[in-house]
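The values are calculated or read from the model by the stated rules, or taken from the named source; none is laboratory data. These numbers were taken from a predicted model, which means no experiment stands behind them. Every residue, glycine as well, gets a Cβ built from its backbone with ideal geometry; the counts of neighbours run over all protein chains shown. All accessible areas refer to the heavy atoms of the entire protein, side chains included, with ligands and DNA or RNA removed. Shrake-Rupley method; radii C 1.70, N 1.55, O 1.52, S 1.80 Å.
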Amino acid sequence: MKTIAELEEIIKNAANAYYSGQEIMTDKEYDLLIEELRAQDPDNPLIPGLAGDETNPAGYVKVPHILTTGTLDKAMTTSVFETWFNKKKKAGTKRFHISTKQDGIGCELQYENGKLTHLVSRGDGFSGFDKLVFADYISTINKIIPDHSNKSQVRGELEVKNELFKDPYFAGKKNPRNAVAGLFNRKASELTDEDKRILSQVTFIAYDYHSDGHQPNTKSAIFDLLSGMSFITPAHETVTTLEEVYAFRNKYGELRSQDNQFALDGIVIFDDEVDYRDQLEKVQKSAIALKFDLTIAITKIVGIDWNYKGRYFNPIAVLEPVELDGTTVTHANLCNINLINKLGIKIGDKVAIAKKGEIIPQVQYKVA
(Lines give C-alpha, C1' and ligand atoms only; values in the text may rest on other atoms or scores of the structure.)
Protein backbone atom coordinates (compact mmCIF):
# COMPACT_ATOMS: atom_id res chain seq x y z
CA MET A 1 0.00 0.00 0.00
CA LYS A 2 1.30 3.47 -0.90
CA THR A 3 1.91 5.99 1.88
CA ILE A 4 0.00 9.30 2.02
CA ALA A 5 3.12 11.16 0.91
CA GLU A 6 3.59 8.84 -2.05
CA LEU A 7 -0.05 9.26 -3.10
CA GLU A 8 0.18 13.04 -2.81
CA GLU A 9 3.26 13.14 -5.03
CA ILE A 10 1.69 10.89 -7.69
CA ILE A 11 -1.56 12.90 -7.71
CA LYS A 12 0.24 16.24 -8.00
CA ASN A 13 2.44 14.97 -10.84
CA ALA A 14 -0.62 13.60 -12.65
CA ALA A 15 -2.48 16.91 -12.33
CA ASN A 16 0.48 18.95 -13.58
CA ALA A 17 0.99 16.55 -16.50
CA TYR A 18 -2.72 16.81 -17.39
CA TYR A 19 -2.60 20.60 -17.52
CA SER A 20 0.55 20.62 -19.67
CA GLY A 21 -1.06 18.31 -22.24
CA GLN A 22 1.15 15.34 -21.30
CA GLU A 23 -1.41 13.15 -19.53
CA ILE A 24 0.30 10.24 -17.75
CA MET A 25 -2.72 8.26 -16.57
CA THR A 26 -6.39 7.71 -17.33
CA ASP A 27 -9.23 9.37 -15.43
CA LYS A 28 -10.06 6.02 -13.86
CA GLU A 29 -6.51 5.61 -12.57
CA TYR A 30 -6.56 9.15 -11.18
CA ASP A 31 -9.93 8.61 -9.50
CA LEU A 32 -8.71 5.40 -7.91
CA LEU A 33 -5.67 7.19 -6.47
CA ILE A 34 -7.98 9.83 -5.00
CA GLU A 35 -10.12 7.10 -3.45
CA GLU A 36 -7.06 5.42 -1.92
CA LEU A 37 -5.96 8.77 -0.49
CA ARG A 38 -9.48 9.40 0.82
CA ALA A 39 -9.40 6.03 2.63
CA GLN A 40 -6.13 6.88 4.39
CA ASP A 41 -6.61 10.63 4.92
CA PRO A 42 -10.24 11.77 4.45
CA ASP A 43 -9.43 15.44 5.07
CA ASN A 44 -6.46 15.66 2.73
CA PRO A 45 -6.72 18.92 0.71
CA LEU A 46 -5.93 17.08 -2.53
CA ILE A 47 -9.13 15.04 -2.39
CA PRO A 48 -11.73 17.56 -3.61
CA GLY A 49 -10.57 17.62 -7.22
CA LEU A 50 -7.45 18.10 -9.25
CA ALA A 51 -4.43 18.73 -7.07
CA GLY A 52 -3.50 22.36 -6.72
CA ASP A 53 -3.57 24.69 -9.71
CA GLU A 54 -2.38 24.04 -13.23
CA THR A 55 1.02 25.24 -14.32
CA ASN A 56 1.11 28.64 -16.02
CA PRO A 57 4.08 28.73 -18.40
CA ALA A 58 2.37 31.27 -20.67
CA GLY A 59 2.00 33.93 -17.97
CA TYR A 60 -1.80 34.21 -17.91
CA VAL A 61 -3.42 36.30 -15.17
CA LYS A 62 -5.08 34.48 -12.26
CA VAL A 63 -8.79 35.26 -11.79
CA PRO A 64 -11.17 34.07 -9.02
CA HIS A 65 -14.10 31.87 -9.99
CA ILE A 66 -17.61 33.14 -9.33
CA LEU A 67 -19.05 29.61 -9.28
CA THR A 68 -16.95 27.09 -7.37
CA THR A 69 -15.48 24.83 -10.05
CA GLY A 70 -14.97 21.74 -7.95
CA THR A 71 -15.49 18.07 -8.47
CA LEU A 72 -18.17 15.46 -7.86
CA ASP A 73 -18.25 12.41 -5.66
CA LYS A 74 -17.81 9.42 -7.94
CA ALA A 75 -19.70 6.16 -7.64
CA MET A 76 -17.18 3.55 -8.74
CA THR A 77 -19.80 0.80 -8.32
CA THR A 78 -23.56 0.67 -8.76
CA SER A 79 -24.02 -0.28 -5.09
CA VAL A 80 -22.38 2.98 -4.00
CA PHE A 81 -24.62 4.92 -6.36
CA GLU A 82 -27.79 3.15 -5.26
CA THR A 83 -26.99 3.89 -1.62
CA TRP A 84 -26.68 7.60 -2.49
CA PHE A 85 -29.84 7.55 -4.63
CA ASN A 86 -31.99 5.81 -2.01
CA LYS A 87 -30.72 8.11 0.73
CA LYS A 88 -31.74 11.15 -1.35
CA LYS A 89 -35.17 9.62 -2.04
CA LYS A 90 -35.65 8.94 1.66
CA ALA A 91 -34.71 12.56 2.43
CA GLY A 92 -37.48 13.79 0.13
CA THR A 93 -35.96 14.21 -3.34
CA LYS A 94 -38.74 13.69 -5.89
CA ARG A 95 -36.98 14.38 -9.20
CA PHE A 96 -33.43 13.87 -10.38
CA HIS A 97 -31.69 15.60 -13.26
CA ILE A 98 -29.27 13.37 -15.17
CA SER A 99 -26.81 14.35 -17.89
CA THR A 100 -23.78 12.96 -19.67
CA LYS A 101 -20.45 13.62 -17.95
CA GLN A 102 -18.32 15.32 -20.59
CA ASP A 103 -14.65 14.38 -20.75
CA GLY A 104 -13.23 17.79 -21.69
CA ILE A 105 -11.39 20.82 -20.31
CA GLY A 106 -13.39 22.56 -17.56
CA CYS A 107 -13.70 26.36 -17.59
CA GLU A 108 -15.94 29.23 -16.52
CA LEU A 109 -17.19 32.05 -18.75
CA GLN A 110 -17.74 35.33 -16.90
CA TYR A 111 -19.98 38.09 -18.28
CA GLU A 112 -20.59 41.71 -17.29
CA ASN A 113 -23.75 43.38 -18.61
CA GLY A 114 -24.11 40.48 -21.04
CA LYS A 115 -20.60 40.79 -22.50
CA LEU A 116 -17.93 38.09 -22.13
CA THR A 117 -15.06 39.44 -20.01
CA HIS A 118 -13.16 36.34 -18.80
CA LEU A 119 -12.60 32.73 -19.83
CA VAL A 120 -11.24 31.19 -16.64
CA SER A 121 -9.52 27.80 -16.52
CA ARG A 122 -10.59 25.29 -13.89
CA GLY A 123 -7.47 25.80 -11.78
CA ASP A 124 -7.87 24.77 -8.16
CA GLY A 125 -11.65 25.17 -8.18
CA PHE A 126 -11.62 28.62 -6.58
CA SER A 127 -9.47 30.47 -9.11
CA GLY A 128 -7.92 29.84 -12.50
CA PHE A 129 -6.15 31.63 -15.35
CA ASP A 130 -7.91 34.02 -17.69
CA LYS A 131 -7.59 32.75 -21.27
CA LEU A 132 -10.13 35.02 -22.92
CA VAL A 133 -8.01 35.28 -26.05
CA PHE A 134 -9.00 31.71 -26.99
CA ALA A 135 -12.67 32.71 -27.26
CA ASP A 136 -11.83 34.33 -30.60
CA TYR A 137 -11.27 30.88 -32.11
CA ILE A 138 -14.28 29.00 -30.66
CA SER A 139 -17.60 29.87 -32.27
CA THR A 140 -19.67 28.00 -29.64
CA ILE A 141 -18.56 30.42 -26.90
CA ASN A 142 -21.18 33.17 -26.89
CA LYS A 143 -19.55 36.57 -26.48
CA ILE A 144 -22.91 38.21 -25.81
CA ILE A 145 -25.76 36.76 -23.69
CA PRO A 146 -29.06 38.26 -22.42
CA ASP A 147 -28.24 40.82 -19.75
CA HIS A 148 -29.96 39.27 -16.72
CA SER A 149 -27.79 41.20 -14.29
CA ASN A 150 -24.53 43.04 -13.97
CA LYS A 151 -22.63 39.74 -13.68
CA SER A 152 -23.40 36.24 -15.00
CA GLN A 153 -21.37 33.04 -15.17
CA VAL A 154 -21.59 29.92 -17.34
CA ARG A 155 -19.63 26.77 -16.53
CA GLY A 156 -18.85 24.05 -19.01
CA GLU A 157 -16.29 21.93 -20.87
CA LEU A 158 -14.17 22.53 -23.95
CA GLU A 159 -14.18 19.38 -26.07
CA VAL A 160 -13.79 17.98 -29.58
CA LYS A 161 -15.68 15.12 -31.22
CA ASN A 162 -14.16 11.67 -31.47
CA GLU A 163 -13.81 11.89 -35.26
CA LEU A 164 -11.33 14.76 -34.96
CA PHE A 165 -8.87 12.42 -33.26
CA LYS A 166 -8.27 10.84 -36.69
CA ASP A 167 -6.80 14.14 -37.88
CA PRO A 168 -3.02 13.96 -38.49
CA TYR A 169 -2.66 16.83 -36.03
CA PHE A 170 -3.30 14.37 -33.19
CA ALA A 171 -0.59 11.88 -34.19
CA GLY A 172 1.23 10.77 -31.04
CA LYS A 173 -1.39 12.24 -28.69
CA LYS A 174 -3.12 10.00 -26.13
CA ASN A 175 -6.57 11.50 -26.71
CA PRO A 176 -8.23 14.70 -27.99
CA ARG A 177 -8.59 16.19 -24.51
CA ASN A 178 -4.88 15.75 -23.89
CA ALA A 179 -4.05 17.69 -27.06
CA VAL A 180 -6.59 20.42 -26.37
CA ALA A 181 -5.29 20.85 -22.81
CA GLY A 182 -1.82 21.38 -24.22
CA LEU A 183 -3.10 24.00 -26.65
CA PHE A 184 -4.82 25.98 -23.91
CA ASN A 185 -1.60 26.21 -21.93
CA ARG A 186 0.30 27.77 -24.83
CA LYS A 187 0.87 31.48 -25.43
CA ALA A 188 -1.72 32.72 -27.90
CA SER A 189 1.04 34.50 -29.84
CA GLU A 190 2.74 31.13 -30.47
CA LEU A 191 -0.30 29.39 -31.98
CA THR A 192 0.28 28.10 -35.50
CA ASP A 193 -2.31 28.08 -38.28
CA GLU A 194 -2.77 24.35 -37.59
CA ASP A 195 -3.35 25.05 -33.90
CA LYS A 196 -5.99 27.62 -34.81
CA ARG A 197 -7.62 25.16 -37.24
CA ILE A 198 -8.04 22.65 -34.40
CA LEU A 199 -9.24 25.32 -31.98
CA SER A 200 -11.96 26.29 -34.46
CA GLN A 201 -13.35 22.76 -34.05
CA VAL A 202 -13.39 22.87 -30.24
CA THR A 203 -16.91 22.98 -28.80
CA PHE A 204 -17.93 24.65 -25.54
CA ILE A 205 -20.56 22.49 -23.79
CA ALA A 206 -22.40 24.39 -21.05
CA TYR A 207 -23.94 22.80 -17.94
CA ASP A 208 -24.27 25.46 -15.23
CA TYR A 209 -25.36 29.09 -14.97
CA HIS A 210 -25.52 31.74 -12.28
CA SER A 211 -26.73 35.32 -12.40
CA ASP A 212 -27.21 38.02 -9.80
CA GLY A 213 -30.55 38.96 -11.31
CA HIS A 214 -32.17 35.83 -12.75
CA GLN A 215 -31.48 32.47 -11.17
CA PRO A 216 -33.48 29.31 -11.99
CA ASN A 217 -34.20 27.03 -9.03
CA THR A 218 -33.91 23.66 -10.83
CA LYS A 219 -31.20 22.03 -12.95
CA SER A 220 -33.82 21.42 -15.65
CA ALA A 221 -34.55 25.15 -15.86
CA ILE A 222 -30.82 25.96 -15.98
CA PHE A 223 -30.33 23.63 -18.96
CA ASP A 224 -33.40 25.11 -20.67
CA LEU A 225 -32.05 28.62 -20.10
CA LEU A 226 -28.63 27.69 -21.51
CA SER A 227 -30.23 26.12 -24.58
CA GLY A 228 -32.36 29.24 -25.01
CA MET A 229 -29.15 31.30 -25.10
CA SER A 230 -27.88 29.02 -27.93
CA PHE A 231 -25.33 27.18 -25.81
CA ILE A 232 -24.75 23.50 -26.52
CA THR A 233 -25.58 21.38 -23.44
CA PRO A 234 -24.90 17.74 -22.51
CA ALA A 235 -27.63 15.19 -23.23
CA HIS A 236 -30.00 15.26 -20.25
CA GLU A 237 -33.31 14.08 -18.78
CA THR A 238 -35.31 14.33 -15.57
CA VAL A 239 -36.10 11.01 -13.90
CA THR A 240 -37.57 9.54 -10.74
CA THR A 241 -36.39 5.91 -10.73
CA LEU A 242 -33.17 3.91 -10.74
CA GLU A 243 -34.36 2.10 -13.86
CA GLU A 244 -34.51 5.39 -15.76
CA VAL A 245 -31.00 6.31 -14.61
CA TYR A 246 -29.57 2.99 -15.80
CA ALA A 247 -31.41 3.21 -19.13
CA PHE A 248 -29.86 6.64 -19.73
CA ARG A 249 -26.39 5.40 -18.74
CA ASN A 250 -26.65 2.33 -20.97
CA LYS A 251 -27.80 4.41 -23.94
CA TYR A 252 -24.90 6.86 -23.82
CA GLY A 253 -22.41 4.22 -22.76
CA GLU A 254 -23.05 2.59 -26.14
CA LEU A 255 -23.06 5.84 -28.14
CA ARG A 256 -19.95 7.47 -26.65
CA SER A 257 -17.42 5.73 -28.95
CA GLN A 258 -19.10 6.81 -32.19
CA ASP A 259 -17.22 9.28 -34.39
CA ASN A 260 -19.91 11.98 -34.20
CA GLN A 261 -20.01 11.91 -30.39
CA PHE A 262 -17.99 13.70 -27.73
CA ALA A 263 -15.94 11.68 -25.26
CA LEU A 264 -17.86 10.81 -22.10
CA ASP A 265 -16.73 9.12 -18.89
CA GLY A 266 -20.06 8.56 -17.18
CA ILE A 267 -23.22 10.40 -16.21
CA VAL A 268 -24.01 13.01 -13.56
CA ILE A 269 -27.05 12.74 -11.29
CA PHE A 270 -28.31 15.87 -9.47
CA ASP A 271 -31.18 16.56 -7.17
CA ASP A 272 -33.20 18.59 -9.68
CA GLU A 273 -33.88 21.27 -7.08
CA VAL A 274 -30.75 23.40 -6.85
CA ASP A 275 -29.16 23.94 -3.44
CA TYR A 276 -27.08 27.09 -3.93
CA ARG A 277 -25.32 26.75 -0.60
CA ASP A 278 -24.16 23.31 -1.67
CA GLN A 279 -22.84 24.80 -4.94
CA LEU A 280 -20.31 26.82 -2.95
CA GLU A 281 -18.67 23.59 -1.78
CA LYS A 282 -15.81 22.05 -3.71
CA VAL A 283 -17.49 18.65 -3.49
CA GLN A 284 -21.28 18.99 -3.76
CA LYS A 285 -23.49 16.64 -1.74
CA SER A 286 -26.49 17.09 -4.05
CA ALA A 287 -24.83 15.34 -6.99
CA ILE A 288 -22.82 12.25 -7.84
CA ALA A 289 -21.06 10.92 -10.93
CA LEU A 290 -21.75 7.37 -12.04
CA LYS A 291 -19.14 5.72 -14.22
CA PHE A 292 -19.98 3.58 -17.22
CA ASP A 293 -19.59 -0.19 -16.85
CA LEU A 294 -16.11 -1.09 -15.70
CA THR A 295 -13.86 -2.99 -18.08
CA ILE A 296 -13.35 -6.72 -17.52
CA ALA A 297 -10.11 -8.51 -18.44
CA ILE A 298 -9.45 -12.25 -18.57
CA THR A 299 -6.16 -13.70 -17.35
CA LYS A 300 -4.64 -16.63 -15.42
CA ILE A 301 -3.74 -16.91 -11.73
CA VAL A 302 -0.10 -18.00 -11.46
CA GLY A 303 0.27 -17.67 -7.69
CA ILE A 304 -1.14 -16.20 -4.47
CA ASP A 305 0.52 -13.64 -2.19
CA TRP A 306 -0.65 -12.59 1.26
CA ASN A 307 -1.01 -8.98 2.36
CA TYR A 308 -1.07 -8.15 6.06
CA LYS A 309 -3.62 -5.44 6.86
CA GLY A 310 -4.78 -4.65 10.38
CA ARG A 311 -5.26 -7.96 12.17
CA TYR A 312 -5.76 -10.02 9.02
CA PHE A 313 -3.89 -11.53 6.09
CA ASN A 314 -5.64 -10.94 2.76
CA PRO A 315 -5.00 -13.08 -0.33
CA ILE A 316 -3.74 -11.34 -3.49
CA ALA A 317 -3.81 -13.18 -6.82
CA VAL A 318 -0.59 -13.09 -8.83
CA LEU A 319 -1.61 -12.89 -12.51
CA GLU A 320 -0.25 -13.36 -15.96
CA PRO A 321 0.16 -9.70 -17.04
CA VAL A 322 -2.95 -8.35 -18.76
CA GLU A 323 -4.02 -4.91 -20.04
CA LEU A 324 -6.94 -3.35 -18.16
CA ASP A 325 -8.14 0.26 -18.59
CA GLY A 326 -4.84 1.33 -20.11
CA THR A 327 -2.54 -0.27 -17.52
CA THR A 328 -0.74 -3.60 -17.19
CA VAL A 329 -2.18 -5.56 -14.26
CA THR A 330 -0.18 -8.26 -12.46
CA HIS A 331 -2.11 -8.57 -9.17
CA ALA A 332 -5.78 -8.66 -8.12
CA ASN A 333 -7.54 -8.74 -4.77
CA LEU A 334 -9.08 -12.06 -3.71
CA CYS A 335 -10.61 -10.47 -0.57
CA ASN A 336 -10.60 -13.51 1.73
CA ILE A 337 -10.58 -17.31 1.98
CA ASN A 338 -14.39 -17.41 1.83
CA LEU A 339 -14.37 -15.78 -1.61
CA ILE A 340 -11.71 -18.20 -2.86
CA ASN A 341 -13.82 -21.15 -1.68
CA LYS A 342 -17.04 -19.65 -3.05
CA LEU A 343 -15.54 -19.10 -6.51
CA GLY A 344 -13.66 -22.41 -6.44
CA ILE A 345 -10.46 -20.68 -7.51
CA LYS A 346 -7.03 -22.34 -7.59
CA ILE A 347 -3.66 -21.56 -9.13
CA GLY A 348 -3.79 -22.10 -12.88
CA ASP A 349 -7.43 -21.02 -13.26
CA LYS A 350 -8.55 -18.34 -15.69
CA VAL A 351 -10.41 -15.48 -14.00
CA ALA A 352 -12.17 -12.22 -14.85
CA ILE A 353 -10.82 -9.10 -13.13
CA ALA A 354 -12.13 -5.53 -12.91
CA LYS A 355 -11.27 -2.29 -11.20
CA LYS A 356 -14.08 -1.61 -8.74
CA GLY A 357 -13.04 1.36 -6.66
CA GLU A 358 -9.69 -0.14 -5.65
CA ILE A 359 -6.14 0.50 -6.81
CA ILE A 360 -5.59 -3.27 -6.94
CA PRO A 361 -8.23 -4.81 -9.26
CA GLN A 362 -10.51 -7.49 -7.87
CA VAL A 363 -11.14 -11.02 -9.09
CA GLN A 364 -14.79 -11.17 -10.20
CA TYR A 365 -15.38 -14.80 -11.18
CA LYS A 366 -13.77 -17.96 -12.52
CA VAL A 367 -13.80 -18.41 -16.29
CA ALA A 368 -14.74 -21.91 -17.42
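How large is the dipole of the chain about the Cα centre if only Lys and Arg carry +1 and Asp and Glu carry -1, each at its Cβ, rounded to the nearest 20 debye?
Dipole magnitude for the chain comes out near 820 debye.
Tell me, in nm to one decimal, what length is gained between Trp306 and Lys90 on full extension, where the rule is 0.36 nm per residue of separation less the Cα-Cα distance?
73.7 nm
To the nearest 0.05, how large is the calculated FRET efficiency for Lys151 and Glu190 if R₀ is 30 Å and r is the Cβ-Cβ distance?
Computed FRET efficiency for Lys151 and Glu190: 0.40.
How much solvent-accessible surface does Tyr312 expose, in Å² to the nearest 10, with a 1.4 Å probe and all protein chains in place?
130 Å²
Apply 1/(1 + (r/R0)^6) to the Cβ-Cβ distance of Ile298 and Ser257, taking R0 = 35 Å, and write down the FRET efficiency to the nearest 0.05. If you can, show how the numbers build up before the last one.
Working: r = 21 Å, r/R0 = 0.60.
Efficiency at R0 = 35 Å is approximately 0.95.
Roughly how many nanometres apart are two label points built 7 Å out from the Cα toward the Cβ at Asp275 and Lys12?
Going from the Asp275 label point to the Lys12 one covers 3.3 nm.
Sequence gap at least 6, Cα distance under 8 Å: using those rules, report the relative contact order of the chain to the nearest whole percent.
Dividing the mean separation by the residue count of the chain yields 19 percent.
Probe radius 1.4 Å, ligands and nucleic acids left out: which of Asp265, Asp124 has the largest accessible area, and how do the rest follow?
Asp124, Asp265
Return the distance in nm (one decimal) between the two label points of a simple spin-label model at Lys143 and Ala235, each offset 7 Å from Cα along Cα→Cβ.
Output for this residue pair reads 3.3 nm.
222 nm [θ] for the chain, helices only, -39500 (n - 2.57) per DSSP H run of 4+, per residue, to 500?
After summing the helix terms and dividing by residue count, I get -7500 deg cm²/dmol.
Mind jotting down the three principal axis lengths of the chain based on Cα atoms? Whole angstrom, largest first.
Computed over the chain, the largest-to-smallest principal extents equal 68, 51, 38 Å.
After finding the eigenvalues of the alpha carbon gyration tensor for the stretch 161-279, what semi-axes result from the square roots of 5 times each, listed largest first in whole Å? Spell out each step's value before the answer.
Details: eigenvalues 195, 86, 26 Å².
The answer is 31, 21, 11 Å, longest axis first.
Between Lys285 and Leu242, what FRET efficiency follows from the Cβ-Cβ distance if R0 is 22 Å, with the result rounded to 0.05?
The formula returns an efficiency of 0.70 here.
If each of Lys2 and Gln364 carries a label point 7 Å out from its Cα toward its Cβ, how far apart are those two points in nm?
According to this spin-label approximation, the distance is 2.4 nm.
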